[in-house]
2 protein chains.
Amino acid sequence: MNDLSAPPAHEALKPAATAWFAALRDRICAAFEDIEDAGGADPGRFVRTAWERPEGGGGVMSVMRGQVFEKVGVNISVVQGHFSADFARQMHGAGENAAFWAAGISLVAHMRSPKVPAVHMNTRMIVTTKGWFGGGGDLTPLQPGTAEAGEDAAFFHAAYKAACDRHGADYYEKFKKWCDEYFYLPHRKEPRGAGGIFYDYLDSGDAGADFAFTRDVGEAFLAAYPQIVRRRMGESFTPEEREAQLVRRGRYVEFNLLYDRGTMFGLKTGGNTEAILMSMPPEVKWP
Amino acid sequence: MNDLSAPPAHEALKPAATAWFAALRDRICAAFEDIEDAGGADPGRFVRTAWERPEGGGGVMSVMRGQVFEKVGVNISVVQGHFSADFARQMHGAGENAAFWAAGISLVAHMRSPKVPAVHMNTRMIVTTKGWFGGGGDLTPLQPGTAEAGEDAAFFHAAYKAACDRHGADYYEKFKKWCDEYFYLPHRKEPRGAGGIFYDYLDSGDAGADFAFTRDVGEAFLAAYPQIVRRRMGESFTPEEREAQLVRRGRYVEFNLLYDRGTMFGLKTGGNTEAILMSMPPEVKWP
């Protein structure tokens, strides 16, 4: 790893990482469509739309507007090019050479029922003159403070903790804290949700191990979130609870547009606006 | 004006500016309540809430949730203190001495009917080691591209042009262009609305004249916008038109949280969150 003339080991992982993100997308979409089938009449189905990036690469948006999933977007992308001069200075390993390659998956689900938490997950591999993995997942209960929200959060955290513990003794504590710090709204003095894990610039020196961890993070999401949805989707709710859900969704919008690095970076550097803003909730109130 | 040891002439205008912003607020609120009275049963009324800023000063939010005005907020504030070191460097006249005083009025109205344009207006006086006025107003049709939207915009622009023309031959052209450039969403490649005027750092050397211009900008708003509302409020609309209005409102949110300097500055420097986010539309969709 100290031979500066050698490309990062991540170079060799590009095909496998690309394939993994697409396969995870397929499995998640299938699991979510199964939930729709269990949710009653007129189940939703994902609609896929491919997009290309003028400088190189592109992605596929998969969006489902269903009965249980009010709106869920799953994006995968493989992009390459050169960071703008300003951005290159801020990016790991791009100070001297602004070329980059990035592949990843990102998902945001907003649910019809206020009893079912919203969720976000994202994992990615980025290659500049260095290479690293990043990602995570976090849960947003729409009825924070309730016993159910606490149970769901505990279950979600346990799944990520198990994945973390298989790869690094300090991973869970470190990545949970990072998540809590990242998904915080200073102007509201509120966390965005119930947390989860968040990691970035993960380059342990063993790219294969870091990729295995990233795969386990994806598996943890797939194992945990659909179970939470199935547990809560049948619970009844009142119009007042729905209204409170729409108001709480405003916090999600505020976070994504005011603070989220990915959203702001994407929008301000000519990313695919539709794909980036797929994360916006379908209906929101600021009463 | 070249005697650097003298305080800016704006110093003497502080009481008059403070009183003017409050009086304009009173007149606008009265005009809007009159419209509510003309809008049918159960007319809305403004509710006032005062807030204080720990470092000094404060403001009053006036909010009405009515039948014609779905949500309108009119804030006045008089605040003083010291800019943070980072911010002082960016602010006119605050490089050496971070003390500032600022008073102003800001207003955002979101209307129930998609036939009635939304509106924003703001005027302010700021005093550091320098003093200046800023502000403007802009109209956001929710059915852009229609003949009605064009008529409303022309009427609104004409009112501001008349105010500008009384004070500076180049004011209208300059401030209209500034508005068009400022209220633009690069990620959508769209203007936020139909424009109006925007000016900042106005210090012509005659503070009294600049204050008179700022008053005329307020008068232009008061003369023009209530007329537009009255002209459109009785027009019928379809559920599809209402839906399209809610989607278009998303652009307003995107602009305010991603690009608006006032919103971001306020939220990131401990301003009054409720007062700042009063500008958010009451209901929004990103379908």
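The values are calculated or read from the model by the stated rules, or taken from the named source; none is laboratory data. All values derive from a computational prediction rather than experimental measurement. Glycine gets a Cβ as well: all are built from the backbone with ideal geometry, and neighbour counts include every protein chain shown. Just the protein is used for accessible areas: all its heavy atoms, side chains included, with ligands, DNA and RNA removed. Shrake-Rupley method; radii C 1.70, N 1.55, O 1.52, S 1.80 Å.
Brief remarks follow.
- Closest Cβ on chain A to the rotation axis that carries it onto B (distance rounded to whole Å): A:LEU257, 2
- Structure note, pairs A:LYS71/A:LYS285; A:LYS130/A:LYS177; A:LYS285/B:LYS71; A:LYS71/A:LYS115; A:LYS130/A:LYS174; B:LYS176/B:LYS285: Cα-Cα distances above 18 angstrom occur for A:LYS130/A:LYS177; A:LYS130/A:LYS174; B:LYS176/B:LYS285.
- Inter-label distance, A:ALA244 to B:ALA99: 4.8 nm, where each label sits 7 Å from its Cα along the C-beta direction.
- Carbon plus sulfur fraction of accessible area for region A:11-143, probe 1.4 Å, in percent: 52
- Rounded to whole numbers, the Karplus 3J(HN,Hα) couplings from phi for region B:54-60 are x, 6, x, x, x, x, 9 Hz, using 6.51 cos²θ - 1.76 cosθ + 1.60 with θ = phi - 60°, and x at Gly and Pro.
- Size of the protein assembly as shown from its Cα atoms: along the principal axes, largest to smallest, the extents are 70, 58, 43 Å.
- Mean Kyte hydropathy of -1.0 or more with a Cα span along the axis of at least 20 Å, helices from DSSP in chain A: A:14-38, A:147-165, A:207-232, A:239-258
- Near B:GLU283, the amide H atoms lying under 5 Å from its own belong to A:TRP286; only residues 5 or more places off or on other chains count, and H is placed 1.01 Å from N.
- Calculated FRET value between B:ASP206 and B:ARG65, using beta carbons and R₀ = 51 Å, to 0.05: 0.80
- Paramagnetic reach from B:ASP42 (point 7 Å along Cα→Cβ, amide N under 17 Å) across region B:104-128: B:112-113
- Annotation note: GluC sites (Glu not before Pro) in region A:16-60 located in DSSP loop regions with a Cβ neighbour count of at most 16 within 10 Å are A:GLU55.
- For region B:154-200 and region B:238-287, distance of Cα centres in Å: 20
- Measuring nothing but how far apart in sequence close Cα pairs (under 8 Å, 6+ apart) lie, relative to its length, region A:8-279 scores a relative contact order of 17 percent.
- Model label points for B:LYS174 and A:SER84, set 7 angstrom from Cα along the Cα-to-Cβ axis, are 2.8 nm apart.
- Distances in nm from B:GLY95 to the matching label points in the other copies, shortest first (labels 7 Å along Cα to Cβ): 2.9
- D_trans [Stokes-Einstein, Kirkwood Rh over alpha-carbon pairs] for chain A, 20 °C, 1.002 mPa s, µm² s⁻¹: 110
- Rough spin-label spacing in nm, given labels placed 7 Å along Cα→Cβ, for A:ARG53 and A:ALA158: 3.9
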